[in-house]
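Asks: Okay, here's the structure, questions in a sec.
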Amino acid sequence: MRWLTHPVVQFLAAGVVVLVLVGVATSWLSRDAADEEAIDDARTLTQVLGRSVAQPAVPRGLVSEDPAAIDRLDRKVLDRLLVGDVRRIKIWKADGTIVYSDRTELIGSVYPLDEDELEALREGHTDAELSDLSKPENRFERDLGPDLLEVYTQIWSPEGEPLLFEAYFTAGQIGRQREAVLARFLPITLGSLIVLLALTTPLVLLLARRIARGARVREELLQAAVRASDAERLRIARDLHDGVVQDLAGSSFALSTVSSSGSLEPQVRGELDEVSRSLRTSMRSLRSLLVEIYPPDLHAGGLAAALHDLVAPLTATGTAVDVDVSGDEEASEAVVALTWRVAQEAVRNVVHHASATRVSVTVRREGDSLVLEVVDDGRGFDRGVEEPEGHFGLRNLEGLVRESRGTLEVESAPGDGTALRMEVPVR
């Protein structure tokens with residue numbers, strides 16, 4: 001499943017998510033825009049029907065509910081009023097009397113007008129709202145569908161009395177307008193995003209390759225620096241071993257030989273023995289330093305032997321040390337060397353900074369990973385405040401651990417010691 005972390009795959013996944021979100025948002029916004037446009041069209045049509053068709057045809061006597069006037073209006077304009085999605089026509093007086101409707105049962109009925117309708121009647125503007133089919137005056141519209149839009153505007157009778165012209169529209173017009181808007185804008189929006197995604201994907205792929213190439217170069221430089229450091233450590237260790245250590249060993253043997261001569265005075269013999277012991281102590285210190293400067297042949301002597309040599313200075317000071325190594329047989333040379341280097345840095349910090357009385361070094365296999373744990377009961381430190389100077393070496397090794405796809409964690413608190421854990425794949 002590593003392909004899921006590929007930058008191009010993540011970019012395409014993000015692009016698909018953006019497409020879906022934009023599609024949903026565009027559909028929602030377009031739906032609102034279509035609804036508004038459809039309502040505006042209904043207002044315009046109602047104004048045309050009311051003021052250009054109905055008002056010129058309104059006869060005298062309609063406001064007084066003259067049956068002859070109602071009949072003349074019905075025969076003259078009804079077929080021109082019920083056009084398109086118009087399903088019902090009503091003409092009201094200010095007192096709420098319906099003076100005309102295509103549904104004759106409503107003529108002469110009185111229902112109070114609400115405030116918006118009275119305002120439209122007084123001010124002469126056109127307004128629209130969804131019909132409340134539960135009202136008695138709308139009982140004959142209930143079979144026309146669940147969603148009706150009623151639009152009303154002001155017209156005038158020949159007697160000079162304002163009337164409210166009301167037309168009822170089905171939801172079909174709004175739905176068709178909505179589909180038309182979506183058909184125009186949604187393909188353009190989504191198409192533009194798809195084209196943008198198609199054009200930017202090669203650029204993302206190119207950038208991902210460059211980043212990967214840069215990462216490889218950095219890894220190679222880091223490995224080269226490590227190899228150069230190891231080579232320099234090896235040279236210094238060889239020079240010390242073949243030079244100073246051998247000279248100290250020779251001087252110690254020579255002094256031992258001289259001190260064993262019977263011709264020397266006891267005081268001089270004692271002084272020579274003391275100098276010989278001092279030389280041997282210096283020689284052991286140098287050998288321990290050689291182990292720190294450059295590790296032994298890990299695959300020849302084994303990681304366990306190398307770690308025991310590593311903790312020898314702690315043992316010499318009386319610190320209780322436990323070393324437990326297992327599961328390193330199938331680990332690669334690079335992983336074994338990395339484990340040694342991290343353990344070396346951890347033990348060095350314990351020697352110089354921890355003042356510990358007990359230290360444990362554990363290496364074990366967990367699944368496909370090799371785990372190193374170095375735990376001490378020393379003075380510890382507060383990582384949240386300031387990391388001690390001696391732990392900078394571990395921070396420098398974190399890059400090598402990450403390059404090996406591993407993790408390095410250090411937990412510590414003042415007075416509670418320090419626990420280091422490294423986990424890295426064996427291959």
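Asks: So what are the ³J(HN,Hα) numbers for the range 154-165, from phi and the Karplus equation (6.51, -1.76, 1.60; θ = phi - 60°), rounded to whole Hz, Gly and Pro as x?
Replies: Once θ is set to phi - 60°, the couplings for the range 154-165 become 8, 10, 10, 8, x, 7, x, 9, x, 10, 9, 8 Hz.
Asks: Which whole-number percent is the relative contact order of the chain (Cα, under 8 Å, 6+ apart)? Spell out each step's value before the answer.
Replies: Working: 576 pairs, mean separation 46.6, N = 427.
Reported as a whole number, the value is 11 percent.
Asks: Given 4 °C and 1.567 mPa s, how large is the Stokes-Einstein diffusion coefficient of the chain in µm²/s, with Rh as the Kirkwood radius over Cα pairs? List each step's numbers first, then the result.
Replies: Details: Rh = 31.3 Å.
For the chosen part, D equals 41 µm²/s.
Asks: Taking H placed 1.01 Å from N in the peptide plane, check which residues at least 5 places from ARG88 or on another chain put their amide H under 5 Å from its amide H.
Replies: Hits under the 5 Å cutoff: TYR168.
Asks: Here is a follow-up. When ligands, DNA and RNA are left out and all protein chains stay put, how many square angstrom of accessible area per residue does the chain have with a 1.4 Å probe?
Replies: Numbers: 23420 Å² over 427 residues.
Solvent-accessible surface per residue comes out at 55 Å².
Asks: In nm, what is the difference between 0.36 nm times the number of residues separating GLU220 and VAL110 and their Cα-Cα distance?
Replies: On the way: separation 110, 0.36 × 110 = 39.60 nm, distance 9.23 nm.
Additional length available on full extension: 30.4 nm.
Asks: Ignoring ligands, DNA and RNA, what percent of the accessible area of the range 27-131 is carbon or sulfur (1.4 Å)? Present the calculation step by step, with values, prior to reporting the outcome.
Replies: Working: 2490 of 5130 Å².
Of all accessible area on the range 27-131, carbon and sulfur atoms account for 49 percent.
Asks: Calculated FRET efficiency, LEU234 and GLU330, Cβ-Cβ r, R0 35 Å, to nearest 0.05?
Replies: 0.85
Asks: Which far-off residues, 5 or more places away or on another chain, put their amide H under 5 Å from the one on SER369, with H placed in the peptide plane?
Replies: So SER369 has HN proximity to VAL426.
Asks: For the range 211-258, what is the per residue volume of the convex hull drawn over the alpha-carbon atoms, in cubic angstrom? Show your work: numbers first, answer last.
Replies: On the way: hull volume 1.7 nm³, N = 48.
Dividing the Cα hull volume of the range 211-258 by its residues yields 35 Å³.
Asks: Given 0.36 nm per residue, what is the gain on full extension from LEU205 to ASP242 after removing their alpha carbon distance, in nm? Could the numbers behind the result be given before it?
Replies: Working: separation 37, 0.36 × 37 = 13.32 nm, distance 5.45 nm.
Stretched out fully, the LEU205 to ASP242 stretch lengthens by 7.9 nm.
Asks: With an 8 Å cut-off on Cα pairs and a minimum separation of 6 or more residues, tell me the relative contact order of the range 72-197 in percent.
Replies: On the way: 178 pairs, mean separation 30.1, N = 126.
Answer for the range 72-197 is 24 percent.
Asks: For THR97, what is the net charge nearby, where nearby means another residue's Cβ is under 12 Å from its Cβ and Lys, Arg count +1, Asp, Glu -1? Walk me through the intermediate numbers first.
Replies: On the way: positive: LYS90, LYS93; negative: GLU65, ASP95, GLU137, GLU161.
Within the 12 Å Cβ shell, the charges total -2.
Asks: Determine, from the Cβ-Cβ distance of LYS76 and ALA25 and an R0 of 51 Å, the FRET efficiency 1/(1 + (r/R0)^6), rounded to the nearest 0.05. Before the final figure, lay out each step's value.
Replies: On the way: r = 49 Å, r/R0 = 0.96.
So, using R0 = 51 Å, E works out to roughly 0.55.
Asks: Please compute the modelled spin-label separation between ARG60 and ARG227, points set 7 Å along Cα→Cβ, answer in nm with one decimal.
Replies: 11.4 nm
Asks: What order do you get for 154-167, 326-339 when each peptide is scored by the mean count of other beta carbon atoms within 10 Å, highest first?
Replies: Numbers: 154-167: 18.6, 326-339: 16.6.
Descending mean neighbour count gives 154-167, 326-339.
Asks: Further question: Rounded to the nearest 500, what is the 222 nm mean residue ellipticity of the chain from helices alone, with -39500 (n - 2.57) per DSSP H run of 4+ residues and division by all residues?
Replies: On the way: 11 runs with 221 residues, N = 427.
Rounded to the nearest 500, the figure is -18000 deg cm²/dmol.
Asks: Treating the Cα atoms of the range 16-122 as identical point scatterers in vacuum, please give the log10 of the normalised Debye intensity I(q)/I(0) at q = 0.11 Å⁻¹, two decimals.
Replies: Debye output, listed in q order: -0.48.
The values are calculated or read from the model by the stated rules, or taken from the named source; none is laboratory data. This structure is a prediction, so every number in the text was calculated from the model and none was measured. Positions of Cβ are generated from backbone atoms using ideal geometry, with glycine treated the same way; all protein chains shown enter the neighbour counts. Ligands, DNA and RNA are excluded from the accessible area calculation, which covers all protein heavy atoms including side chains. Shrake-Rupley method; radii C 1.70, N 1.55, O 1.52, S 1.80 Å.
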